[in-house]
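Here's the structure, in C-alpha cells; my notes come after.
The values are calculated or read from the model by the stated rules, or taken from the named source; none is laboratory data. Model, not experiment: these values are computed from the prediction. Quick reminder, even Gly has a Cβ in these numbers, built from the backbone with ideal geometry, and neighbours come from all protein chains shown. These accessible areas exclude ligands, DNA and RNA; they are computed on the full protein's heavy atoms, side chains included. Shrake-Rupley method; radii C 1.70, N 1.55, O 1.52, S 1.80 Å.
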Amino acid sequence: MTTWLSKNFCILLVGLLTLSSAHIFAIDPIRFSISTTATEVLVNEEFEINIKADLLNIPANTVYVFETARAFRLKVILPDGFRQTGGSYNDYIEGELSGNKPSAFYTIKGKFVSAERAGVFQLLRSHKSANSASNYVEVGRLSFGMSEGLQEGTANARIALAGTVSYIPYLSMSALRSISDTATSVFITDQGGAGIFKHNPSSTKADDGALTIITAGKRYERVYTGPANVEWFGVVGDGTTDNTAALQAMLDRADISSIYFPKPAVSYRIKRLNLRSNKTIVLEEGTVVEGLGTLGLEERMMMMNNVQNISIKGNNVVFKDKKANYTSGEQRHIFTMLGVTNVTIEGVAANNSGGDGFYIGASSTQKYSENVKLINISADNNRRQGLSIVSGKNIEVISPVLTNSNGTAPNAGIDIEPNNPDEFLEGIRITNPITRNNVGAGIVILIDDFKGTNRVVDITITNHNDDGSMYGAYVSRATGAIAGTITFQNPIWRNNRANGFCASNYSSNACTIQVNDPTVIDCNVAGSTHAVFGSAFLVYREANALGDVNVGNVHIIRPKVQDTRSVKKIVSAFAFEDISKKGNVNNCSLIDPVVLDGLDVLKYVHFAVLNNFALSDRHEKLTFDVAQLNRTLTYGFYKRVFHNATSTGTRTISLNSLPANYPAITFEVRNGQILRLIPTINDNILPLSANKGKYIQCNVVGSKITLRKTTTNSWQVMEMIGTWTVQP
C-alpha cells in the first residue's frame, strides 16, 4: 500500500450514512447503506460497491417520510471520474420489503477512469412510483478524497480507505453507550425503544434510558412530538409483567404530559396507579390494561384525587380487573374521580371490577367533581355498578353502555346517589345511555341525603334504553323536601323483571320527576300478578316504609306501554298507591297516554288515594265503551271517560267503595239508551241527591257528568251537561 508520503495520488473512500433534516421528526422504516470492501484500487482498476436495504422494527405509531414507505426506488449519483461497468444496480431500481423479505441487496461494479481530488457517491431513495422528476432523499453516501501533497491526475493513483466512520445513525442503546465518538444524531434500534436521539450539549437531564442517554459525557435526547411511548420506559404488554412501577414513574414526571400505549401483544398488567394533573393518555385501538386482582378494600385501579386537566382516550380499549378475586367489599373501582376538574375519558371500557367501573365523587378538599365528560365508555360485569355519580357539577355522560352489574347492591348500570348532604348533583347530563341485564335497575337515583338542605338537584337523562335489568329506572329514598328536577326524556325500557319505571317512597315534597315520552315494553318478566307490582309505571310506598307524609310529585307525559308476548304479563299500565296507608299519593300527573297495546283494557290504571292529580287523555286511551255489559268500578278499573256508544239497552255502572280523593271520572251518553250510575248503599251523589244509595241516570245523547269522590261516602258533581235524574 502506498504511504501518505509517496508520490502516488491517493483517493480516500469513507462510508458515510446521513440522516436528512426530514428524518428528525419522521422515520424511514428502511435502513439503507452504501459501502465497499476495497481498501485500495488503482485508477482503471475495477472494484465493487455494495448497497443494502434492511427493514427496521419501528413502532407502528411512528410517522414515515414516504407513503407506502416499505417500497422504494433508488438512484445513485456517481462522482466525476467514476464509470459503472456492471453489477445488479441500475438507476430507479425498485424494491419492496416485508416480514417475509426484510432485506434487499444490490451491487455496482465500476472503476475510476481518472483521479479526482474529492467526491462522493450519493445514495438517494424515493417512493415506488418515482421517476426522474420526483423528489429524492439522501439515505447514504460513500465519499473519497485525495491525500495531501499529491498531484491530481497521477496515472498510477490508488484509492485507499482511511479513518473511521464519523457518523453512526443506527445503533442499539448498549452500542451507543459503549462508544466515545458518536454523531450528533443517532437512530436507536432497540425493540420498544426505537427512535432518533440528538446530542444536546446544554442538557442536564439524568439518563433514564428512555428520553435521555448519557455516553462518554454526552447527552442524547429523544427527538419526538406527541406522547411518550410507554414501551420506551420498559413497559411490557406480555400479560404477565407487573408494569405498575414503570408507569407510575412516568405519571409522576412533570416533563411528560402525554403518554401513549401501543396495542400490547396480550395486556399491560398493573395493580393501581395514581394519575397526576395535566396528563393526556392515548391508548391504541384494542389495547387491554389488566389488573392483578390484588387490590385492598379501599384501593382503586386508576385513581384521580384532587387533580385537573386529565384526558384518557382510546377506541375499543379495555381496562379490567379480576372480579372473581373479590368476594367482599365494593370500593375496588377501575376509574375513580374524587374532587377532580376537567377530566375526559373516551372510548374506554371498565370491566370486572370489585366495585364500580367508573366513580365520580368528592374529595376531602373539594366536595364535588366538576366538568367531567365520559364519552362512549362502557362497563360490564362489575361487582357493584357500571357508573356511580356521587357528587358532581357539570357531569356529561354520552352514549355509555353499562351491563351485567352483579355482586352487591345496588347492582345498577348507573347509580346517582350522594353520600353526604354537603355534596352536589348539579348539571348532570346523561345522553343515549344503554343499560342491560343488571341485577338492579338500569338507572338508580337515591337522593335522600339532600332532604332539608339547600341543594338543588338537576339531572337530565335523555334517550335511556334499558333491556332486561330489574327496573328500567328506579327512583327512591327521598323522604323529605328537596329542590330541583329529575327528567327522563324519551326512554325505552323493555324486558324488565319488575317495572319499567318505579318511584318508591319518594316524597311529594322532593324534586319534581318528569318522565317525558317514555316507552315500556314487556316488563314484569318475573310475572307478578299484583296490580301494583305487575305494572309498567309504578309510584308507591311499600308497606313498612317510613318517610314523609305523602309520596308523589311524579309526572308521566305521553307514555307508551306494550305487551307483545303471547302470554301477557303486564297487569296494569300505571299504578299509584301508598300501600303503607300512612298518607296519600300527591301531586302526580298522567298526561295523554299514546299507546296501551296488549293489555287488559279493564286494568290499564290502578289508583288508590290521590290528591292534586292531573290527568288528560287526548288520544282517548282511557276512554271506555261499556257496550253490552254492566260494569263495576274498582281500584284497578279506572277510566277517564265511560260511555255507552254501542249499548243496545240500559247499562249500569256501579260506583264501588272507592276512597276519598279518587280521580274524577266523566260519564257520557252517546246513545239514546239509559246510562245509570249506582253508588253503594252508604254513598251519595252531591248535590243531586243527599240520600245514600240513590242512583242517577240519563238517556239524552250529548249529556255528560263528571264525578269525584271527595269524602269517604260522597261523590261530588264537578261538571254536568244535560238532565240527570235521581232514583225516586
> How many of the residues in segment 585-638 are small (Gly, Ala, Ser) and part of a strand (DSSP E or B)?
Replying inline: 3
> (1) in contact with a Ser or Thr (Cβ under 7 Å, 6 or more places away or on another chain); (2) closer than 23 Å to GLY119 by Cα; (3) modelled with pLDDT under 90; (4) among the basic types (Lys, Arg): which one isn't true of LYS52, the others all being true?
Replying inline: (3)
>> Just the residues that are in a strand (DSSP E or B) and under 21 Å from LEU338 (Cα atoms), please, taken from segment 298-321.
In response: MET302, MET303, MET304, ASN305, GLN308, ASN309, ILE310, SER311, ILE312, LYS313, PHE319, LYS320
>> Take the residues in segment 695-712 that are at pLDDT 95 or above and assigned to a loop (DSSP other than H, G, I, E, B); name whichever of them is least open to solvent (accessible area, probe 1.4 Å).
In response: SER703
> Do we find a residue being at pLDDT 70 or above, open to solvent by 10 Å² or more (accessible area, probe 1.4 Å) and closer than 30 Å to ASP207 by Cα anywhere in segment 96-105?
Replying inline: no
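Residue check: is ILE270 closer than 23 Å to LYS323 by Cα and either in contact (Cβ under 8 Å) with a residue 12 or more places away in the chain or touching a helix residue (DSSP H, G or I) at 6+ places or on another chain (Cβ under 7 Å) (or both)?
Working: closer than 23 Å to LYS323 by Cα: yes; either in contact (Cβ under 8 Å) with a residue 12 or more places away in the chain or touching a helix residue (DSSP H, G or I) at 6+ places or on another chain (Cβ under 7 Å) (or both): yes.
Considered against the rule, which asks whether it is closer than 23 Å to LYS323 by Cα and either in contact (Cβ under 8 Å) with a residue 12 or more places away in the chain or touching a helix residue (DSSP H, G or I) at 6+ places or on another chain (Cβ under 7 Å) (or both), ILE270 comes out as yes.
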>> Against the definition (within 24 Å of PRO227 (Cβ to Cβ), touching a strand residue (DSSP E or B) at 6+ places or on another chain (Cβ under 6 Å), open to solvent by 20 Å² or more (accessible area, probe 1.4 Å) and in contact (Cβ under 8 Å) with a residue 40 or more places away in the chain), how does ASN371 come out, yes or no?
In response: no
> Which numbered condition trips up ASN351, out of (1) open to solvent by less than 20 Å² (accessible area, probe 1.4 Å); (2) within 18 Å of the chain's Cα centre (by Cα); (3) farther than 19 Å from ASN309 by Cβ; (4) not basic (Lys, Arg)?
Replying inline: (1)
>> Can you tell me which of (1) in contact with a Lys or Arg (Cβ under 9 Å, 6 or more places away or on another chain); (2) surrounded by 13 or more Cβ atoms within 10 Å (Cβ to Cβ); (3) modelled with pLDDT under 90; (4) among the polar types (S, T, N, Q) is the one GLN84 doesn't meet?
In response: (3)
>> Filter segment 106-132 down to the residues that are open to solvent by 30 Å² or more (accessible area, probe 1.4 Å), modelled with pLDDT of 80 or more and of a type in the set (A, V, I, L, M, F, W, C) and list them by number.
In response: VAL113, VAL120
>> What are the pairs with Cβ atoms under 8 angstrom where one residue, in segment 593-619, is closer than 18 Å to ASP517 by Cβ and the other, located anywhere, is surrounded by fewer than 14 Cβ atoms within 10 Å (Cβ to Cβ) and among the polar types (S, T, N, Q)? Sequence gap at least six, or different chains.
In response: ASP597/THR564
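Within segment 21-34, work out how many residues are open to solvent by less than 50 Å² (accessible area, probe 1.4 Å) and at pLDDT 75 or above.
As a first pass, look at segment 21-34 and keep what is open to solvent by less than 50 Å² (accessible area, probe 1.4 Å): 23-24, 26-30, 32-34.
Retained after the next criterion (residues that are at pLDDT 75 or above): 29-30, 32-34.
Adding up the residues that qualify gives 5.
Inside segment 528-547, can you point out the residues that are open to solvent by 30 Å² or more (accessible area, probe 1.4 Å), under 20 Å from ASN611 (Cα atoms) and without any contact (Cβ under 8 Å) to a residue 40 or more places away in the chain?
Hits for segment 528-547 are GLU542, ALA543.
Select from segment 451-506 the residues that are touching a Pro at 6+ places or on another chain (Cβ under 6 Å) and surrounded by 19 or more Cβ atoms within 10 Å (Cβ to Cβ) and write down the one among them that is farthest from VAL520 (Cα to Cα).
Step one: list which residues in segment 451-506 are touching a Pro at 6+ places or on another chain (Cβ under 6 Å), which gives 453, 464, 491.
Subset that is surrounded by 19 or more Cβ atoms within 10 Å (Cβ to Cβ): 464, 491.
Details: HIS464: 12, PRO491: 8 Å.
Taking the candidates together, the pick is HIS464.
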> Within segment 713-728, how many residues turn out to be exposed (fewer than 15 other Cβ atoms within 10 Å of the Cβ) and small (Gly, Ala, Ser)?
Replying inline: 1
> Within segment 548-556, can one find any residue that is of a type outside the set (Val, Ile, Thr), free of Cβ contacts under 8 Å to residues at least 60 places away in the same chain and open to solvent by 30 Å² or more (accessible area, probe 1.4 Å)?
Replying inline: no
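For segment 70-88, how many residues meet the condition of being within 22 Å of ASN131 (Cβ to Cβ) and assigned to a loop (DSSP other than H, G, I, E, B)? Show your work before the answer.
Narrowing segment 70-88 to residues within 22 Å of ASN131 (Cβ to Cβ): 70-78, 84, 87-88.
Within this subset, residues satisfying the condition of being assigned to a loop (DSSP other than H, G, I, E, B) are 70, 78, 87-88.
Going through segment 70-88 one residue at a time, the tally reaches 4.
I want to confirm something. Restricting to segment 322-348 and keeping residues that are of a type in the set (Gly, Ala, Ser) and either assigned to a strand (DSSP E or B) or closer than 15 Å to LEU297 by Cα (or both), which single residue is nearest to the chain's Cα centre (by Cα)?
The selected residue is GLY347.
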>> I'm checking my understanding of the structure. Among residues of segment 414-436 that are part of a strand (DSSP E or B) and among the polar types (S, T, N, Q), which one is most open to solvent (accessible area, probe 1.4 Å)?
In response: THR431
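Here is a yes/no grid of residues against (1) of a type in the set (A, V, I, L, M); (2) under 19 Å from the mean Cα position of the chain (by Cα); (3) open to solvent by 10 Å² or more (accessible area, probe 1.4 Å); (4) within 23 Å of ASN437 (Cβ to Cβ):
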position	(1), (2), (3), (4)
THR365	no, no, yes, no
ILE377	yes, yes, no, yes
ARG384	no, yes, yes, yes
GLY392	no, yes, no, no
SER399	no, yes, yes, yes
SER405	no, yes, no, yes
ALA409	yes, no, yes, yes
ALA412	yes, yes, no, yes
> What about VAL525, is it open to solvent by less than 10 Å² (accessible area, probe 1.4 Å) and either touching a residue at least 12 places away in the same chain (Cβ under 8 Å) or at positive phi (or both)?
Replying inline: no
>> Condition first: open to solvent by less than 20 Å² (accessible area, probe 1.4 Å), modelled with pLDDT of 95 or more and in a strand (DSSP E or B). Now tell me which residues in segment 214-244 satisfy that.
In response: ALA228, ASN229
> What is the number of the single condition among (1) buried (at least 16 other Cβ atoms within 10 Å of the Cβ); (2) under 26 Å from VAL525 (Cβ atoms) that SER580 does not meet?
Replying inline: (2)
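Please pick out the residue among ARG631, ARG618 that is surrounded by fewer than 20 Cβ atoms within 10 Å (Cβ to Cβ) and either among the aromatic types (Phe, Trp, Tyr) or more than 24 Å from ASN699 (Cα to Cα) (or both). Please lay out each step first, then the result.
On the way: ARG631 fails: either among the aromatic types (Phe, Trp, Tyr) or more than 24 Å from ASN699 (Cα to Cα) (or both).
Just a single option satisfies the conditions, and that option is ARG618.
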